[in-house]
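Peer 1: My questions all concern the structure below.
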Amino acid sequence: MIKKSKDYDVVLVDCPPRADAKIAVALRASDLILLPCQPAAPDIWALDDTLGLTALHLSKLRVVLNRVPPRSSKAEQMIKELEERNLPISEVGLGNRAAFADSLAEGSGVAEAPRNSRAREEIRALANELLAY
């Protein structure tokens, strides 16, 4: 993977949250590590296990808030807890939008959704943030 990644400007690797040799290789090869996390206690607790995998790579880490309910204080509480842990948080989070599930069922991505789609706007903003890294 490391050899092949040198042929590309951007390589995305979706890894399961468990420790094994393949994950270690992916983490070493990464310029940026994203940890998606929903604003729910079990997800925040699960971060502890995942952070064990990424401990040597904290400078490359970003937590991405995912499936954030609209008009909810949960995201604010989560941000506060993540900041208390000194974890970097991406500027852009993703809302809990039907468009994400709908696009998956249709075999497309939300980036292909109509221009006025909030899900499309969020995904594009997150992509721009990551590409600017």
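Peer 1: Which ³J(HN,Hα) values, rounded to whole Hz and listed in residue order, are derived for region 115-126 from phi using the Karplus coefficients 6.51, -1.76 and 1.60 in 6.51 cos²θ - 1.76 cosθ + 1.60 with θ = phi - 60°, glycine and proline given as x?
Peer 2: Per residue, the Karplus-derived 3J(HN,Hα) values read 4, 8, 6, 5, 4, 4, 4, 5, 5, 5, 5, 5 Hz.
Peer 1: Further, regarding this structure: Want the number for Asp31 to Tyr133: 0.36 nm per residue separation, take away the alpha-carbon distance, what's left? Please report the intermediate quantities before stating the final value.
Peer 2: Values: separation 102, 0.36 × 102 = 36.72 nm, distance 0.88 nm.
Using 0.36 nm per residue and subtracting the Cα-Cα distance, I get 35.8 nm.
Peer 1: Using alpha carbon centroids, what distance separates region 42-66 and region 108-133, in Å?
Peer 2: Result: 23 Å between the Cα centres.
Peer 1: Next question. Order 63-74, 80-91 from most to least packed using the mean count of other Cβ atoms within 10 Å. All intermediate terms of the calculation are to be shown ahead of the outcome.
Peer 2: Working: 63-74: 14.8, 80-91: 13.0.
Packing order, densest peptide first, comes out as 63-74, 80-91.
Peer 1: Please state the relative contact order of region 55-133 as a whole percent: Cα pairs under 8 Å, 6+ residues apart? Don't jump to the answer; show the numbers that get you there.
Peer 2: Numbers: 79 pairs, mean separation 21.4, N = 79.
Taking the mean separation of contacting Cα pairs over the length of region 55-133, I get 27 percent.
Peer 1: Only four residue types carry charge here, +1 at the Cβ of Lys and Arg and -1 at the Cβ of Asp and Glu. Report the dipole size of the chain about the Cα centre in Debye, rounded to the nearest 20. Intermediate values should be presented prior to the final figure.
Peer 2: Working: 18 positive and 19 negative charges, 36 e Å.
In total the dipole reaches around 180 debye.
Peer 1: Counting only C-alpha contacts under 8 Å and six or more residues apart, can you give the relative contact order of the chain as a whole percent?
Peer 2: Values: 142 pairs, mean separation 23.9, N = 133.
Relative contact order comes out at 18 percent.
Peer 1: May I have the count of lysine pairs in the chain with C-alpha atoms under 26 Å apart, counting pairs 8 or more residues apart or located on different chains?
Peer 2: Counting lysine pairs in the chain gives 9.
Peer 1: Restricting to DSSP H runs of at least four residues, report the calculated mean residue ellipticity at 222 nm for the chain, -39500 (n - 2.57) per run over all residues, nearest 500 deg cm²/dmol. Don't skip to the answer; put the middle values down first.
Peer 2: On the way: 6 runs with 60 residues, N = 133.
Rounded to the nearest 500, the figure is -13000 deg cm²/dmol.
Peer 1: Now for a different question. Suppose R0 equals 30 Å; then what is the FRET efficiency for Ala46 and Glu112 from their Cβ-Cβ distance, rounded to the nearest 0.05? Please report the intermediate quantities before stating the final value.
Peer 2: Values: r = 30 Å, r/R0 = 1.01.
E(calc), rounded to 0.05, equals 0.50.
Peer 1: Now for a separate question. With the Cα gyration tensor of the chain giving a ≥ b ≥ c as the square roots of its eigenvalues, does the rule (a/c under 1.5 for rounded; else a/b larger than b/c for prolate; else oblate) give rounded, prolate or oblate?
Peer 2: Numbers: a/c = 1.82, a/b = 1.15, b/c = 1.58.
Oblate, since a/c reaches 1.5 and b/c is not below a/b.
Read-outs: derived from the displayed coordinates by stated rules, not from any lab. Only a predicted model underlies this, so the values are computations on that prediction, with no experimental measurement involved. Cβ: placed from backbone, ideal geometry, glycine included. Neighbour counts: every protein chain shown.
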